[in-house]
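Trainee: Structure below; questions to follow.
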Amino acid sequence: MSLAIVHSRAQVGVEAPAVTVEAHLANGLPSLALVGLPETAVKESKDRVRSAILNCAFDFPPRRITLNLAPADLPKDGGRFDLAIALGILAASGQVPAAALEQIECLGELALSGAVRPVQGVLPAALAARAAGRTLVVPRANAEEASLASGLQVIAVEHLLELAAHLNGQTPIAPYQAQGLLRRSQPYPDLAEVQGQTAAKRALLVAAAGSHNLLFSGPPGTGKTLLASRLPGLLPPLDEQEALEVAAIHSVASHTPLDAWPQRPFRNPHHSASGPALVGGGSRPQPGEITLAHQGVLFLDELPEFDRKVLEVLREPLESGQIVIARARDKVRFPARFQLVAAMNPCPCGFLGDPSGRCRCTPEQIQRYRGKLSGPLLDRIDLHVTVARETTALHVPLGDGADSASSAALVARARQRQIQRQGVANAFLDLAGLRQHCALPSADQDWLESACERLALSLRAAHRILKVARTLADLEQAELIARSHLAEALQYRGHPQS
Ligand SMILES: [Zn+2]
């Protein structure tokens, strides 16, 4: 056999498309050619593979070796193909049985000694290998991550010699048994630890129940960050599919991705973060904060301080749950279904309306500050809530009954009603859904219309009020939206300009 095929996987966004490594030995002057438009890193792997094969006392065939990584147009960077390339050469030269390679896929970088080093983005490859029905060979350091794809057979190796002995049937390696090391979910921070702020906690509950985006407006030091960080703990636990999506993103983004598995993410990027850091990008596109917040919460503190262009980009993922990053030749898609919690000060100094009278901001300055936020972005935020400074902590009862566990139970019940009724959370209702599921008795319809007229609210704002009212009714297990729900929803109508 002078031709061998080894299966491996590339990494594009959070996907792991199949790559086959074909190794062919021909007569002629000894040489080693890599084709399939590989990038520099793959060329470097030729040297690593040659050294690893020689240092393991295998025969490096003194023939004309051609290696083809197919398909040609996938990015193939990093050392992840070293192991597949080495196996291809060994199989093509009869040093491991080629038939043993048919049902496996392999990933791993080789050290010059033949030791197998960990690579990034193993989980997406593991999920894809499971779907393809093959066994996955991974570096031992990546085995626990690969084993998150339950049902996948994982062979963990530390050295090329070990793998060759396994494939030759000399020393079979037992499939890796998951250690459960990554399943060490920490508790979310509890709502009960936030003192006072009853109205803001109520808004968090409503946001969680209907998947509504939320904007807190209030002076510094009122606990907006503290409140926002409690939202993940109010949301239903991730199901396995969602947890794997989250873990796959973190697998692609860093080497130690899974210390909070399987938790909903809470991301809190600073307003000075660059566009690519927030939405993703780069020549080899990496996920940004909005993707790292997938299935969790993206908290943008001091919202008006963010680059306006970046904020405009958020509109796409807020609608579609994904972000498409266009590159010169192709596009990379990253998931980005996050719940947005934003916070802003009422004015540039933050103390507008504060009893201390510290605010000296002029109306023009305040207008300019608020004007940094575009109507279309604010339109995607259903709940606008003012957070006031608590007069003094001494007067605030610690336990007002709102802890995360009891709130999460209410949220779960309300969400279940929405899914059974319409298949989506209330925040995602379209016009037809609004008509069907948020119909009002004519007296209430008139009442809402006159309220909107009085407050100069747009039709879109009225729709927002209806969706929130639907969530308030669902929290009470009510079939129909009542006047009280409308009245409370109207309180969340937010800024005059929206
Ligand atoms: Zn001010």
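Trainee: Once the mean 1/r over all distinct Cα pairs of the stretch 191-426 is inverted, what Kirkwood radius in angstroms do you read off?
Mentor: Details: mean 1/r = 0.0530 Å⁻¹.
The Cα-based Kirkwood calculation yields 18.9 Å.
Trainee: May I pose another question? How much accessible surface area, in Å² rounded to 10, belongs to the heavy atoms of H166 with a 1.4 Å probe?
Mentor: Number for this one is 50 Å².
Trainee: What Rg and what Dmax come out for the stretch 186-293 when only alpha-carbon atoms are used, in angstroms?
Mentor: When restricted to the Cα atoms of the stretch 186-293, Rg and Dmax are 15.4, 47 Å.
Trainee: Just give me a number: lysine pairs in the chain, eight or more positions apart or cross-chain, with C-alpha atoms less than 24 Å apart.
Mentor: Final tally of qualifying lysine pairs is 9.
Trainee: So what's the gap between the Cα centers of the stretch 202-269 and the stretch 89-121, to the nearest angstrom?
Mentor: 39
Trainee: Restricting attention to the chain, give the cysteines that have no other cysteine Cβ less than 4.7 angstrom from their Cβ.
Mentor: Cys with no partner Cβ under 4.7 Å: C56, C106, C349, C359, C438, C452.
Trainee: Here is a follow-up. When the solvent-accessible surface of protein heavy atoms is calculated with a 1.4 angstrom probe, in what order do H463, H24 fall, highest first? Could the numbers behind the result be given before it?
Mentor: On the way: H463 50, H24 75 Å².
Most to least solvent-accessible, the answer reads H24, H463.
Trainee: Taking the alpha-carbon centroid of each part, what is the distance from the stretch 362-389 to the stretch 135-194 in angstrom?
Mentor: So the separation of the two Cα centres works out to 48 Å.
Trainee: When the Kirkwood radius is taken over all Cα pairs of the chain, what Stokes-Einstein diffusion coefficient follows at 25 °C and 0.890 mPa s, in µm²/s?
Mentor: Numbers: Rh = 25.6 Å.
Answer, rounded: 96 µm²/s.
Trainee: Step by step: find N for the stretch 1-80, compute 2.2 N^0.38 Å, then divide the Cα radius of gyration by it. What's the final number?
Mentor: Working: Rg = 13.1 Å, N = 80, 2.2 N^0.38 = 11.6 Å.
Rounded to two decimals, the normalised Rg is 1.13.
Trainee: Another question, then. On a 0 to 90° scale, report how tilted helix 459-475 is relative to the longest principal axis of the chain, with both axes built from alpha carbons and the result rounded to the nearest 10.
Mentor: Taking Cα atoms only, the helix is inclined about 80 degrees.
Trainee: Sticking with this one: Can you list, largest first and rounded to whole Å, the semi-axes you get for the stretch 95-172 by taking the square root of 5 times each eigenvalue of its Cα gyration tensor? Intermediate results must be reported in sequence, preceding the final value.
Mentor: Working: eigenvalues 75, 49, 18 Å².
After diagonalising the Cα gyration tensor, the semi-axes are 19, 16, 10 Å.
Trainee: Scale the Cα Rg of the stretch 414-466 by the rule-of-thumb value 2.2 N^0.38 Å and send over the ratio, two decimals. Write down the numbers at each step before the final one.
Mentor: Working: Rg = 12.3 Å, N = 53, 2.2 N^0.38 = 9.9 Å.
Its radius of gyration relative to the 2.2 N^0.38 Å reference: 1.24.
Trainee: Here's another thing I want to ask about it. Whole number please: convex hull volume per residue of the Cα set in the stretch 162-225, in Å³? Could the numbers behind the result be given before it?
Mentor: On the way: hull volume 12.7 nm³, N = 64.
Spelled out: Cα convex hull of the stretch 162-225, divided by residues, is 199 Å³.
Trainee: Rounding to the nearest 10 and keeping the result within 0 to 90°, find how far the Cα-based axis of helix 442-454 lies from the longest principal axis of the chain.
Mentor: 90
Trainee: Same structure again: Taking the 0 to 90 degree range and rounding to the nearest ten, how far is the long axis of helix 198-210 tilted relative to the main principal axis of the chain, both from C-alpha atoms?
Mentor: It works out to around 50 degrees.
Trainee: Just to confirm a number: summing +1 for Lys and Arg and -1 for Asp and Glu over residues other than T362 whose beta-carbon lies under 15 angstrom from that of T362, what do you get?
Mentor: On the way: positive: R358, R360, R368, R370; negative: E364.
Net of charged neighbours comes to +3.
Trainee: Please sort 27-36, 186-195 by packing, taking for each peptide the average over its residues of neighbouring beta carbons within 10 angstrom, highest first. Walk me through the numbers on the way to the answer.
Mentor: Working: 27-36: 12.2, 186-195: 15.4.
Put in order of decreasing packing, that is 186-195, 27-36.
Trainee: For the stretch 3-167, what is the convex hull (Cα atoms) projected area averaged across all directions, in square nanometres?
Mentor: Working: hull surface 33.0 nm².
The number I arrive at for the stretch 3-167 is 8.3 nm².
Trainee: Of A126, L352, V35, which is farthest on the positive side of the dipole of the chain, counting Cα position, with +1 on Lys and Arg Cβ, -1 on Asp and Glu Cβ, and the Cα centre as origin?
Mentor: Farthest towards the positive end: L352.
The values are calculated or read from the model by the stated rules, or taken from the named source; none is laboratory data. All figures in this text were calculated on a predicted structure; none of them were measured in a lab. Virtual Cβ from ideal backbone geometry, glycine too; neighbours counted across all protein chains shown. These accessible areas exclude ligands, DNA and RNA; they are computed on the full protein's heavy atoms, side chains included. Shrake-Rupley method; radii C 1.70, N 1.55, O 1.52, S 1.80 Å.
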